[in-house]
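*Asks:* After the structure tokens below, expect a handful of questions from me.
No lab work stands behind these numbers, since they all come straight from the coordinates. Everything quoted here is computed from the prediction, not taken from an experiment. Every residue, glycine as well, gets a Cβ built from its backbone with ideal geometry; the counts of neighbours run over all protein chains shown.
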Amino acid sequence: MSVNYWNKKVETADREELLRQQLEDLKITVARALKTPFYKKRLHQVGLESAAEITSLDDFYRIPFTTKNDLRDAFPYGMLAVPVDEVVRLHASSGTTGIPTVIYHTRPDIEVWAELAARSMAATGMTSKDVFQNMMTYGLFTGGLGLHYGAEKLGSLVIPASSGNTRRQFQLMKDFKTTSVHATPSYMHHLFNKLQSEGISRRELSLKKALVGAEPHTEDVRKKIETLFKIDVYNSYGLSEMNGPGVAFECVYKQGMHVWEDSYLMELIDPDSLEPLEDGAEGELVFTTLKREATPLLRYRTRDLTRVLDKPCECGRVHRRIARIKGRTDDMLIINGVNVFPSQIEEVVMKLPESGTNYQIVVEKAGALDQLTVKIEVNETVFSDDARDLNALRRKIGDYLKASITISPVVELHEHGILPEFEGKAQRVFDRR
Ligand code: ADP
Ligand code: ZN
């Protein structure tokens with residue numbers, strides 16, 4: 001496999017050197033943080049008066065975690081470390097889980113982010129020859145602008161299509177021979193469904209790659225998109241608190257996402273005890289910005305669950321990888337006392353040859369108990385079958401789900417086009433209790 005580096009020196013650096021640099025940048029970051037009202041108070045509370053007191057990672061780990069609530073409390077300027085006139089842009093989280101939060105960027109911050117995005121895209125094999133259609137929303141949400149500047153840096157021809165208007169997306173793809181796209185996995189599914197109804201053949205497109213992210217998705221969802229479009233699909237992870245896309249990205253080997261450790265100090269903790277975890281264990285990702293000027297964040301709890309993969313990657317990058325994100329700690333449903341992650345259900349549903357591209361999870365009260373209903377869109381051929389076959393399929397799916405999550409769900413089978421589709425992040429879970 002051919003491996004393409006954007007910044008070979010940093011991507012394949014000596015690991016010892018990388019760790020040394022991290023500690024240096026950590027001190028600079030703490031010094032910047034001390035300029036903000038929020039961290040000044042927080043750090044003084046644990047007896048930290050100056051960044052010079054940080055001589056090792058252990059010193060640093062005395063600092064308490066930062067949470068999304070801290071960002072909300074500090075709104076609007078409590079975590080800003082530079083004068084407002086040095087700030088050139090702000091982004092706000094899409095607010096999937098509540099009040100939005102704001103992150104500010106200086107010009108050098110934007111430059112660092114573009115570098116990480118360029119590096120990420122180059123890792124998937126993208127080059128200046130690519131025609132890159134960015135179908136993530138442009139605006140306060142970081143999905144659109146985040147990779148935009150990286151792709152320009154790479155020298156690709158960027159089509160800032162933003163999300164939605166599927167018919168126009170196809171037209172752009174045909175007119176300009178788009179080779180790579182960036183979208184949520186749900187939107188890729190939606191696009192495929194529309195491709196068929198618009199009467200467009202997959203062969204009329206020049207598409208070779210899709211970078212997908214912004215929402216949890218299973219390996220089978222990736223495989224489905226790859227098979228439907230006959231392209232390569234790469235997982236892209238980011239969050240607005242850590243800039244946005246370009247935090248962790250898959251390389252051509254598609255075995256987990258490299259976290260750019262020169263820009264982010266990564267920790268993995270047990271979300272309940274808050275104790276650090278060994279590589280390989282599943283836990284919550286915690287990041288510290290190492291290069292950011294305007295909004296330095298120390299030990300930020302992402303609530304995203306994953307594992308750190310400690311084996312070196314065949315691509316030669318020394319930046320450690322993380323496994324596919326299982327979901328957020330707050331995605332977990334407790335159904336009749338059993339912990340269930342929506343991703344466990346998706347894994348079963350997307351493995352079925354009969355399933356289409358869409359599903360929904362509903363939890364309701366049925367008397368004193370919780371009832372889980374899984375609604376699945378299935379291929380048309382299934383509905384032309386005998387009703388007995390439909391019942392058998394329903395039972396089979398129920399059994400598979402029970403085996404995975406230990407709960408018996410009600411399974412509803414639907415024809416394609418019944419469940420809502422999404423242009424951005426999908427909402428598939430409805431907890432009506
Ligand atoms: P919000 O927090 O309002 O959704 P963000 O745009 O900052 O706004 O969303 C970042 C979150 O999206 C991450 O913390 C994570 O939960 C999710 N996410 C982003 N990329 C991926 C990915 N590749 N796989 C799974 N989840 C992802
Ligand atoms: Zn790799």
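*Asks:* Taking Cα pairs under 8 Å and at least six residues apart, what relative contact order does the chain come out at, in percent?
*Replies:* 15 percent
*Asks:* With angles folded into 0 to 90 degrees, how steeply does helix 166-176 sit against the dominant principal axis of the chain? Use alpha carbons for both and round to 10.
*Replies:* Approximately 70 degrees, to the nearest ten.
*Asks:* Still on this structure, I have one more. Mind checking which of S120, S197, S343 has the largest fluctuation in a GNM of the chain, springs on alpha carbons under 10 Å?
*Replies:* Comparing S120, S197, S343 in a Gaussian network model of the chain, the most mobile one is S197.
*Asks:* Label the stretch 224-361 by shape, choosing from rounded, prolate and oblate, from the square roots a ≥ b ≥ c of the eigenvalues of the Cα gyration tensor; if a/c is under 1.5 it is rounded, and otherwise prolate applies when a/b is larger than b/c, oblate when it is not.
*Replies:* Note, shape of the stretch 224-361 comes out oblate.
*Asks:* With each run of n ≥ 4 DSSP H residues scored as -39500 (n - 2.57), what mean residue ellipticity at 222 nm is computed for the chain after dividing by its residue count and rounding to the nearest 500 deg cm²/dmol?
*Replies:* Value at 222 nm, helices only, nearest 500: -10000 deg cm²/dmol.
*Asks:* On to the next question. Restricting to the chain, what percent of DSSP beta bridges are antiparallel, rounded to 5?
*Replies:* Given both bridge residues lie in the chain, the antiparallel proportion sits at roughly 65 percent.
*Asks:* Which order do the peptides 224-233, 50-59, 181-190 take when ranked by the mean count of other beta-carbon atoms within 10 Å per residue, highest first?
*Replies:* Order by mean packing, descending: 181-190, 224-233, 50-59.
*Asks:* Something else: Helix 15-33 versus the longest principal axis of the chain: what angle, 0 to 90°, nearest 10, using Cα atoms?
*Replies:* 70 degrees
*Asks:* A further question on this structure: Measure nothing fancy, just the Cα-based angle from helix 387-405's long axis to the longest principal axis of the chain, in degrees from 0 to 90, nearest 10.
*Replies:* 30 degrees
*Asks:* Among residues other than T66 whose Cβ falls under 10 Å from its Cβ, what is the net charge (Lys/Arg +1, Asp/Glu -1)?
*Replies:* Combined, the nearby Lys, Arg, Asp and Glu give +2.
*Asks:* When the label point is put 7 Å from the Cα of K365 along its Cα-to-beta-carbon vector, which residues of the stretch 412-433 have a backbone N closer than 13 Å?
*Replies:* 432-433
*Asks:* Kindly work out what percent of the DSSP beta bridges joining two residues of the stretch 14-171 are antiparallel, to the nearest 5.
*Replies:* Around 60 percent antiparallel, to the nearest 5.
*Asks:* Can you tally the net charge around A281? Count Lys and Arg as +1, Asp and Glu as -1, for every other residue whose Cβ sits under 10 Å from the Cβ of A281.
*Replies:* Counting the neighbours of A281, the net charge comes to -3.
*Asks:* Tell me the label-point distance for the pair K223, S201, using the 7 Å Cα-to-Cβ offset, in nm and rounded to one decimal.
*Replies:* 2.8 nm
*Asks:* Can you work out the PRE-style zone for V338? Point 7 Å along Cα to Cβ, and I want the residues of the stretch 367-389 with backbone N under 19 Å.
*Replies:* So the set is 367-376.
*Asks:* Could you compute Rg(Cα) / (2.2 N^0.38 Å) for the stretch 285-433, with N its residue count?
*Replies:* Output field value: 1.31.
*Asks:* Using DSSP to define loop residues, name the chymotrypsin sites (Phe, Trp or Tyr not before Pro) in the stretch 15-102 whose beta-carbon has at most 16 other beta-carbon atoms within 10 Å.
*Replies:* Qualifying residues, ordered by number: Y61, F65, Y77.
*Asks:* Can you give me the Cα centroid spacing of the stretch 354-410 and the stretch 287-343 in angstrom?
*Replies:* If you average the Cα positions of each part, the centres end up 30 Å apart.
*Asks:* Let a ≥ b ≥ c be the square roots of the eigenvalues of the Cα gyration tensor of the stretch 256-332; is it rounded (a/c under 1.5), or, if not, prolate (a/b larger than b/c) or oblate?
*Replies:* oblate
*Asks:* Given the Cα-Cα distance of A392 and L23 and 0.36 nm per residue of separation, how much length would full extension add, in nm?
*Replies:* So the chain would gain 126.9 nm between A392 and L23.
*Asks:* Separate question: Collect residues whose amide H, placed 1.01 Å from N in the peptide plane, falls under 5 Å from the amide H of Q371; neighbours closer than 5 in sequence don't count.
*Replies:* Amide H neighbours of Q371: E364, K365, A366.
*Asks:* Over every pair of different alpha-carbon atoms in the chain, take the mean of 1/r and invert it; report that Kirkwood radius in Å.
*Replies:* Value: 22.9 Å, from the Cα pair sum.
*Asks:* With each pseudo-label sitting 7 Å past Cα toward Cβ, what's the A403-L274 distance in nm, one decimal?
*Replies:* 4.1 nm
*Asks:* Taking 0.36 nm per residue of sequence separation and subtracting the Cα-Cα distance, how much length would be gained by fully extending the chain between K194 and D385, in nm to one decimal?
*Replies:* 66.3 nm
*Asks:* So how far, in whole Å, is the C-alpha centre of the stretch 40-54 from the one of the stretch 124-161?
*Replies:* If we compute the Cα centre of each part, the gap is 39 Å.
*Asks:* Let me ask you something else. Rounded, prolate or oblate: which fits the stretch 1-107 when a ≥ b ≥ c are the square roots of the eigenvalues of the alpha-carbon gyration tensor, with rounded for a/c under 1.5 and prolate only if a/b beats b/c?
*Replies:* Because a/c hits 1.5 or more and a/b fails to exceed b/c, the stretch 1-107 counts as oblate.
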